[in-house]
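Peer 1: This is the structure, below, for whatever I ask next.
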Amino acid sequence: MATTTFAINFFILSIISLFSVPCLLSASPPHSPYLLPIKKDPSTNLFYTTLAIGTPSKSFNLAIDLAGENLWYDCDKNYNSSSYSPISCNSKSCPEDAIGCISCTSGPFKPGCTNNTCGASAINQYAKFIFSAGFGEDIIVISQMEVHGLISACIEAEGFTSGSPLEGLPKSTKGILGLSRSQLALPNQLALENKIQPKFSLCLPSSNKLGYTNLMVESIDGSVSKFVQTTPLIINPDSTGVVSVKGVPSKEYFIDLKSVKIDGNVVNIKPSQLSIDKKGNGGTKISTMSPFTELQSSVYKPFLRDFVNKALDRKMKRVASVAPFEACFDSRTIKKSVTGFVVPTIDLVLQGGVQWRIHGANSMVMAKENVACLAFVDGGTEPRMSFVKASIVIGGYQLVDNLLVFDLDSSKLSFSSSLLLHNASCFHL
């Protein structure tokens, strides 16, 4: 088997047409948008998409990871592809940060079992280990279009005696689609292939709905641009991933959060807790692999206190906590609107005074019958995982029905806040 491990503390396919996903973004010819469907897994609260890879093509559900540096998938013992071409160790296509050269001694030789192959990391933050895979090129189908020459990583997930590269992911998924700043992330590869600047969008759906990601965006449609705001994406000077290399900037997406307001009142959080220090600690990042927003304890405690006080002012009846949530309320004492429960609004005040407003649909979650909880969790005094250095990790629940556009060339994030305000959603515009 081609894979080895390193002990470090890691819809049957129906490729949709442009008309089966609400197209909030426009891309003019000759570059058509590369749209992929997104679904939410109710058991893990993670999000996944579907791609077809190889010849004959096989469907893979892949978890979406904004911190992921590549596309990797499980090419199990029954998988094969006549169009698969492994990247040799001395090839110009072998990335500079490859993890050496891997070979296969067990056979039979196939995707996932090749010799003299450029080594890739198959990283999953929920797995106990980092697993090595082989880089290769194969046909990938995106929006019914065959795309040739894209680099991905293939790994045989079965047969490991200590853990699995798929651990913690939705059961239906067989890998990860990485969307970070990495040159191997599909938006960057597609932009290079089409000679345009890298820009992609993300619109996560609520449960039982369909969202999408457009891997190659040229412009934001005029009907949407009027309520989209823009803020810089800042670079954390230190690595923040599972594999951290001193002096190498993080490939994750950080925003410059200046303060947090609840019902217009600023929460008492020290500015130093919101900024990135010289070691790369602190700051605010966006994650699709954290189901709910995590705040380190020093930030969470004043945030929770202020939210609860404002909630009680609204006559919301507090009830017993439901793990992992602390502030829970009798949902029958909370009014509802088009944006969900009518609760204290949360504003993330960003660079230049731009505000990302979070309404009830993104701040409250039904934890059980008649109990709605504040969908923010205490991240502890130290990061939940040793490689997560951010003070605030904005999780998937807070991103649902918010249109996000990541412009990697100008390092800017455009965001809509809740689309529900405009009688729209990621499922229906």
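Peer 1: How do the pairs read when you match residues in region 164-181 that are farther than 13 Å from D41 by Cβ with residues anywhere that are in a loop (DSSP other than H, G, I, E, B) and of a type in the set (S, T, N, Q), using Cβ under 6 Å and keeping only pairs 6 or more apart or on different chains?
Peer 2: P165/N124; G178/N70
Peer 1: Hey, another quick one. Suppose we filter region 405-429 for residues that are open to solvent by less than 20 Å² (accessible area, probe 1.4 Å), more than 17 Å from K40 (Cα to Cα) and either in a loop (DSSP other than H, G, I, E, B) or of a type outside the set (S, T, N, Q) (or both); how many remain?
Peer 2: Total satisfying the criteria: 6.
Peer 1: Considering only region 113-122, I want to know if a residue exists there that is part of a loop (DSSP other than H, G, I, E, B) and more than 30 Å from G247 (Cα to Cα).
Peer 2: Checking region 113-122: at least one residue is part of a loop (DSSP other than H, G, I, E, B) and more than 30 Å from G247 (Cα to Cα).
Peer 1: Please work out which residue is nearest to C113 (Cα to Cα), limiting yourself to region 132-172 and to residues that are among the polar types (S, T, N, Q), surrounded by fewer than 24 Cβ atoms within 10 Å (Cβ to Cβ) and modelled with pLDDT of 90 or more. Give the derivation first.
Peer 2: Step one: filter region 132-172 for residues among the polar types (S, T, N, Q), giving 132, 143-144, 152, 161-162, 164, 172.
When the remaining residues are screened for being surrounded by fewer than 24 Cβ atoms within 10 Å (Cβ to Cβ), the result is 132, 143-144, 161-162, 164, 172.
Checking the rest, the ones that are also modelled with pLDDT of 90 or more come to 164, 172.
Working: S164: 17, S172: 23 Å.
In this case the residue turns out to be S164.
Peer 1: So D378 fits all but one of (1) among the acidic types (D, E); (2) in contact with a helix residue (DSSP H, G or I) (Cβ under 6 Å, 6 or more places away or on another chain); (3) open to solvent by less than 50 Å² (accessible area, probe 1.4 Å); what number is the exception?
Peer 2: If we test D378 against (1) among the acidic types (D, E); (2) in contact with a helix residue (DSSP H, G or I) (Cβ under 6 Å, 6 or more places away or on another chain); (3) open to solvent by less than 50 Å² (accessible area, probe 1.4 Å), just (3) comes out false.
Peer 1: Could you look through region 124-165, keep only residues that are of a type in the set (S, T, Y) and in a loop (DSSP other than H, G, I, E, B), and pick out the one that is farthest from P187 (Cα to Cα)?
Peer 2: Among residues in region 124-165 that are of a type in the set (S, T, Y) and in a loop (DSSP other than H, G, I, E, B), the one farthest from P187 (Cα to Cα) is T161.
Peer 1: In the list C118, C89, C75, which residue meets the criterion of being farther than 30 Å from L204 by Cβ and either of a type in the set (D, E, K, R) or in contact with a Pro (Cβ under 8 Å, 6 or more places away or on another chain) (or both)?
Peer 2: Of C118, C89, C75, the one residue that is farther than 30 Å from L204 by Cβ and either of a type in the set (D, E, K, R) or in contact with a Pro (Cβ under 8 Å, 6 or more places away or on another chain) (or both) is C118.
Peer 1: Looking only at residues in region 185-221 that are part of a helix (DSSP H, G or I) and open to solvent by 50 Å² or more (accessible area, probe 1.4 Å), which one is nearest to V141 (Cα to Cα)?
Peer 2: Filtering region 185-221 down to residues part of a helix (DSSP H, G or I) leaves 186-194.
This time we only want the ones that are open to solvent by 50 Å² or more (accessible area, probe 1.4 Å), so: 192-193.
Values: L192: 17, E193: 15 Å.
The extreme case among them is E193.
Peer 1: Yes or no: region 345-355 includes at least one residue that is more than 26 Å from the chain's Cα centre (by Cα), open to solvent by 50 Å² or more (accessible area, probe 1.4 Å) and either modelled with pLDDT of 95 or more or assigned by the TED database to the domain that holds A390 (or both).
Peer 2: Going residue by residue through region 345-355, those that are more than 26 Å from the chain's Cα centre (by Cα) are none.
Taking every residue of region 345-355 in turn, none turns out to be more than 26 Å from the chain's Cα centre (by Cα), open to solvent by 50 Å² or more (accessible area, probe 1.4 Å) and either modelled with pLDDT of 95 or more or assigned by the TED database to the domain that holds A390 (or both).
Residues are listed down the side, and each one gets a yes or a no for (1) surrounded by 20 or more Cβ atoms within 10 Å (Cβ to Cβ); (2) small (G, A, S):
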site: K226; (1), (2): no, no
site: I255; (1), (2): yes, no
site: V260; (1), (2): yes, no
site: V267; (1), (2): no, no
site: S275; (1), (2): no, yes
site: T293; (1), (2): yes, no
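Peer 1: If N362 passes every condition in (1) open to solvent by less than 10 Å² (accessible area, probe 1.4 Å); (2) at pLDDT below 95 but one, which one does it miss?
Peer 2: Only one criterion is unmet by N362, namely (2).
Peer 1: Restricting attention to region 228-243, which residues are open to solvent by 30 Å² or more (accessible area, probe 1.4 Å) and hydroxyl-bearing (S, T, Y)?
Peer 2: Passing the criteria: only T230.
Peer 1: Filter region 232-259 down to the residues that are under 14 Å from A390 (Cβ atoms) and part of a strand (DSSP E or B) and list them by number.
Peer 2: L233, I234, F254, I255, L257
The values are calculated or read from the model by the stated rules, or taken from the named source; none is laboratory data. Quick caveat, the model's predicted, so the values are computed rather than measured. As a convention, Cβ positions derive from the backbone with ideal geometry for all residues, glycine included, and neighbour counts pool all protein chains shown. Quick note on the areas: whole protein, heavy atoms, side chains included, nothing else; ligands and nucleic acids left out. Shrake-Rupley method; radii C 1.70, N 1.55, O 1.52, S 1.80 Å.
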